[in-house]
Structure formats: structure tokens, C-alpha cells
1. Just grab the label-to-label distance for V20 and V50, each label 7 Å out from Cα along the Cβ direction, in nm (one decimal).
2. How would you rank 52-61, 32-41, highest first, on the average number of other Cβ atoms within 10 Å across their residues?
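Derivation of every value follows stated rules applied to the coordinates shown; laboratory data play no part. Note that the structure is a prediction, hence the values are computed from the model and not measured. Here the Cβ is made from the backbone with ideal geometry for all residues, glycine too, and neighbour counts use every protein chain on show.
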Amino acid sequence: AVGDINDDNINDVRDYNMLVSCFATNATSAACGANRTNADLDDDGNIDEVDHNILIRSFSERIGD
């Protein structure tokens, strides 16, 4: 699913926290680590507000009741 940064098939606060740990100036930090590729949701090479907006929008696309 779009926005599932940690590949657990759920879009939740864990994905949000991973995105924030990789956001802009923190992209090279150890906290970002291997999540850098997954956190770049628009595949433009930058983790920025566009990726943040994609993730926030994905929270509204829940399946189920």
C-alpha cells in the first residue's frame, strides 16, 4: 500500500514516525537507515513535504468498516 514505509501492510503512526525520521535534513541520520528508499514515496530522490502529503492522504484510504 502507498505509504506503508515499514512494509507491514498497515498505514499507521509507525510509518509516520519513519517518514519524519527521514524528512529533509534528517535523511542521512542513523534513525532513517534502510527506510530511506521506502520513505521516498514519490521516488524523486528527496524525502520532503510531498512525501508527507502522500502519507497523510494514504491514512484516509482505509479498507474495511
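1. 2.3
2. In descending order of packing, they fall as 32-41, 52-61.
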